[in-house]
1. In the range 52-61, how many are surrounded by 12 or more Cβ atoms within 10 Å (Cβ to Cβ) and assigned to a helix (DSSP H, G or I)?
2. If I ask for residues that are of a type outside the set (Phe, Trp, Tyr) and out of contact with any Cys (no Cβ under 9 Å at 6 or more places or on another chain), which ones from the range 116-127 would you list?
3. Within the range 78-90, is even one residue more than 22 Å from Ser131 (Cβ to Cβ) and in a helix (DSSP H, G or I)?
4. For the range 62-80, name all the residues that are small (Gly, Ala, Ser) and either surrounded by 16 or more Cβ atoms within 10 Å (Cβ to Cβ) or touching a strand residue (DSSP E or B) at 6+ places or on another chain (Cβ under 6 Å) (or both).
Amino acid sequence: MYRSTTILLKSLAGYNDLKAYIEEHKEIFIETSLAEHLCRLLEEKQLAKMDVVRQSELSKDYALQLFSGLRKTPSRNKLICLCVAMGLSFEESDGLLKLAGLAPLYAKNKRDSIILYGIEHKQSVIKINQSLHEHGEQTIG
C-alpha cells in the first residue's frame with residue numbers, strides 16, 4: 001500500500017505509542033537492500049545489466065559490486081550515474097538515493113537542477129556532465 005511521506009509524517013505525529021505506529025504501518029517500511037532494489041529495477045525496466053554499466057560511465061568492477069551487494073555504500077554521484085543509465089524518473093532516482101541513505105536531488109540547488117533537467121530529458125551521463133561543466137558545477141562521473 002502506497003502512502004506519501006507527508007501523510008506518514010502527519011500520521012506519526014498523531015501517535016502516542018511508537019510501537020503501535022510501527023505495527024500498524026509495518027507493510028510500508030522498506031526492507032530491501034540497495035542491490036536487491038537495483039536488480040528489481042533492471043527486471044522491471046527490462047534492462048541488460050551490462051548496458052546499464054556501460055552507460056553509467058562507472059568502472060565495470062564498481063558498478064557490478066553495487067548490483068551484487070559487495071559494495072553497499074556508493075557515493076551520491078555514482079548512484080546518480082546509475083539512475084541516469086537506467087533511465088529512472090525523478091521519483092525513482094530520489095527513492096533510490098534515499099534507500100542508499102543519500103541526499104535526494106533538490107531543485108533549489110543549481111547543480112541538482114542541472115542533473116534533474118538531464119534526468120527529465122533522458123540525457124546520458126556524458127551529456128549531463130557536459131551541462132554541469134558548462135555551468136561551472138562538479139560533474140557526476
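1. 5
2. As a first pass, look at the range 116-127 and keep what is of a type outside the set (Phe, Trp, Tyr): 116, 118-127.
Across the range 116-127, the qualifying residues are Leu116, Gly118, Glu120, His121, Lys122, Gln123, Ser124, Ile126, Lys127.
3. No, because not a single residue in the range 78-90 is more than 22 Å from Ser131 (Cβ to Cβ) and in a helix (DSSP H, G or I).
4. Hit for the range 62-80 is Ala63, nothing else.
Residue-wise test of (1) more than 22 Å from Ser59 (Cα to Cα); (2) more than 13 Å from the chain's Cα centre (by Cα); (3) outside the structural domain of Ala48 (by TED's automatic domain parsing).
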position: Cys81; (1), (2), (3): no, no, no
position: Val84; (1), (2), (3): no, no, no
position: Glu91; (1), (2), (3): yes, no, no
position: Leu97; (1), (2), (3): no, no, no
position: Ser124; (1), (2), (3): no, yes, no
position: Thr139; (1), (2), (3): no, yes, yes
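For (1) of a type in the set (D, E, K, R); (2) outside any helix (DSSP H, G or I); (3) over 21 Å from Cys39 (Cβ atoms), each residue gets a yes or a no:
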| residue | (1), (2), (3) |
| --- | --- |
| Leu96 | no, no, no |
| Leu102 | no, yes, no |
| Tyr106 | no, yes, yes |
| Asp112 | yes, no, yes |
| Ile128 | no, no, yes |
| His133 | no, no, yes |
| Thr139 | no, yes, yes |
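Residue-by-condition table, conditions (1) assigned by TED's automatic domain parsing to the domain that holds Glu91; (2) surrounded by 10 or more Cβ atoms within 10 Å (Cβ to Cβ); (3) assigned to a helix (DSSP H, G or I); (4) touching a residue at least 12 places away in the same chain (Cβ under 8 Å):
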site	(1), (2), (3), (4)
Thr6	no, no, yes, no
Asn16	no, no, no, no
Lys19	no, no, yes, no
Ile22	no, yes, yes, no
Glu27	no, no, yes, yes
Leu38	yes, yes, yes, yes
Leu41	yes, yes, yes, yes
Met50	yes, yes, yes, no
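The values are calculated or read from the model by the stated rules, or taken from the named source; none is laboratory data. Just so it is clear, the model here is predicted, and its values are computed rather than measured. Positions of Cβ are backbone-derived with ideal geometry, glycine not excepted, and every protein chain shown enters the neighbour counts.
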